[in-house]
Every structure is written in structure tokens, then in C-alpha cells.
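Take a look at the structure set out below.
The values are calculated or read from the model by the stated rules, or taken from the named source; none is laboratory data. The structure displayed is predicted, hence computed values, not measured ones. Here the Cβ positions follow ideal geometry from the backbone for every residue, glycine too, while neighbour counts run over all protein chains shown.
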Amino acid sequence: MPHQWLFPLSALHATPSNWSLEKELYDRARGIEFLFRLGSSLVLPTSAIMTAATWFHRFYMRFSMEDYHRQDVAASCIFLATKTEECGRKLRDVARICQVKVTGREVAPDSKEVEQCQASILLTEEVLLEALCFDYVVESPHSKLVDLFDAHDQDIRVQECAWSFAHDSYRTILCLIYPPQIIATACYVLAQRVVDGPNSFSLDARISSSAPTASLPTPPSHKPPSPDATRFAIEHFSFNDAELVSVAEASSILLEFYSAQDVENTQSHLQSVVAVPPPATPPRIRLYVPLSQLAPGPADDNAAGRTPNSSHGGRTPANKEPNKSDNLG
């Protein structure tokens, strides 16, 4: 059934922002990082943070990044999510922490900066409501991962890794392209592959329509569920062939995002991720390129640094130690 918030990849070339695709995706990722850190400092639940992150991406399918700064939109998404997800925070508190993140220093609650930030959040929230068409309902891949975790006693390392990948999926545009069960499965299968190691089944074998095997028998038309854990997520959702292609594409995009990061200067677990060969997929546009290959964009605050290139290590943003000196958003 058509979904107004799911788009073909080609739609990314027709967003309102008058930037290159690579520049827009880079700034989206930076905005999500700012949103994550703001939500972490406010100690919001995962559901609220991921809802806000989804709205952030949806907003920029309707409005330009040139007209609405990512930090203003991120703060407004967070503030709205605290109301819809029933984890209310005062506007002044959201504005103060937002200013702490922007300036990298403590800010008095009654300062002029906080007052101006409050006004900006409220003004941007009006446009956000228009962009969302008052459609607040969001289902995240995390909820689908919980279903998988409850249905199968999987290695805790796989669960933590998949949860971390699901967080990082919001640094990409996956939530605009695929439904949550596709993203969750891509995260889950990739986590299995990383934990199982380089000598285990490939992503192609894990995502194929038949169970991975050393031989090539003709698959039966009504095969029973495979006892092989590598098939669990695929069989749990009973994906058809077209959906399996989507799982492969989502995995490929996530791996492309990780490969564009400065892996040498980050945690070792990401090095094992980027070493995973991507699955075979139909030809598509390249979305993520290293910062060194990114064409210079508008002179905003790019010198402040790039979006951090690591995941949350399997923990929700609310459990991540906030970085009080952050000004990367």
C-alpha cells in the first residue's frame, strides 16, 4: 500500500534544498547527530528520539535546508516529540540545552540566548507541523528489532550490534526509503555477519530467498523453517523476493555510509563493519562519499567538524554520556 513518507531514491534529487545530494546527506547526518545529543542530554526515551529523527528527515522532503537550519529543526523535532511521546520537557530546558550544545559552554536559563532559542523552536515547530501534515505516528526499526529479540534467543552481541546499527540508520535516509521491518532486518542480518566473522556466510547468502548451503540443490516449493539462525529474520517476516532486494539495498546503503567515515580514527568495531562485502543489488546512485571528496558547500559552519563516525555501541542515545563540549551539529 502506498505510504506518503516512503520515497524512491530518485526523489532525493528533487528535494527543496538547492545543494548537491552528497552535501545534503552530509548535513542531514550532522543534524541527526545534534538531535541525538540533544535528546541524550534531556534523557529522553529511545522512542521519542527516533520519532524526532524521523520527523527531521521528513521535514527536509518538504522544506529546504537553506531556509531552515538543521539545529533549529532538530530542536523543534525533539520538543514536539516530548509532547507526542508523553515525556514532556519544558521549552526553556530544551532551549537551554540546545544553546549549550551550540556554544560549547554553560548557558543561564534566563539568558537572552535561551529566550531567542525558545522563540526559534516555536516558530520552526509551526512549519514542522505543516510539513508533517499533523501526521505524528512513527514506527521505528527498533520496535521490529524488539520483536525479533523476543522471538529468538539470539547472542547478546548480535542484539547490541543490531540496535546500534538501527540508531545509525537514522544518520542515513533509510527511514525515507524503506519500511521499518526492512531496515530492522538489514541491521539484524548485518549484525549477525559482523559477529559471526569474515569466514561465515556472506550477506548475499543470508538475504537470499533460500537458505545458504555449500551445494546448490533445487529448493522445495514449501520448505519448513530453517533451523539455521542466519535465516531467522528473513523467515520471521516472510519476505517476498522484492522485499529481499530491499533488505539487500538497505544493507548496502548502511555499509556505504560506514565506508565513507574516517574508520582509521574511530572504534575498532567499525573497522570490522566496513570490511563486510556489500550484497549484490541493482545499480543505484551513490549516496555517501568521504568528506575529502565532498564539494565545498555554503559557508555555514562546516569548519566545526563532521558528523561523528561511530555508532552508540549498542546503547540507546539516552544512555550515552553527553558530550558537553559538542558543537558539531
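Things to note:
- Some residue of segment 197-206 being within 15 Å of residue 254 (Cβ to Cβ) and either at pLDDT 95 or above or not hydroxyl-bearing (Ser, Thr, Tyr) (or both): yes
- Looking only at segment 45-55, residues that are in contact (Cβ under 8 Å) with a residue 40 or more places away in the chain and either closer than 20 Å to residue 130 by Cα or buried (at least 24 other Cβ atoms within 10 Å of the Cβ) (or both) come to 6 in all.
- Residues that are farther than 10 Å from residue 186 by Cα and among the charged types (D, E, K, R) were ranked within segment 238-255; the one that is surrounded by the fewest Cβ atoms within 10 Å (Cβ to Cβ) is 241.
- Residue 126 meets each of the listed conditions (1) touching a residue at least 12 places away in the same chain (Cβ under 8 Å); (2) within 29 Å of residue 18 (Cα to Cα); (3) not hydrophobic (A, V, I, L, M, F, W, C) apart from (1).
- Single unsatisfied condition, residue 13 versus (1) outside the structural domain of residue 78 (by TED's automatic domain parsing); (2) assigned to a loop (DSSP other than H, G, I, E, B): (2)
- Looking across segment 32-68, the residues that are charged (D, E, K, R) and assigned to a helix (DSSP H, G or I) come down to 33, 37, 58.
- Residues in segment 135-161 that are more than 27 Å from residue 77 (Cβ to Cβ) and β-branched (Val, Ile, Thr): 156, 158.
- 2 or more residues among the charged types (D, E, K, R), touching a Gly at 6+ places or on another chain (Cβ under 9 Å) and on the phi < 0 side of the Ramachandran plot: qualifying helices (runs of 4 or more DSSP H) within segment 112-207: 156-169
- Only one entry of 94, 102, 107 meets the criterion of being outside the structural domain of residue 195 (by TED's automatic domain parsing), touching a Lys or Arg at 6+ places or on another chain (Cβ under 8 Å), over 27 Å from residue 12 (Cβ atoms) and hydrophobic (A, V, I, L, M, F, W, C), and that entry is 107.
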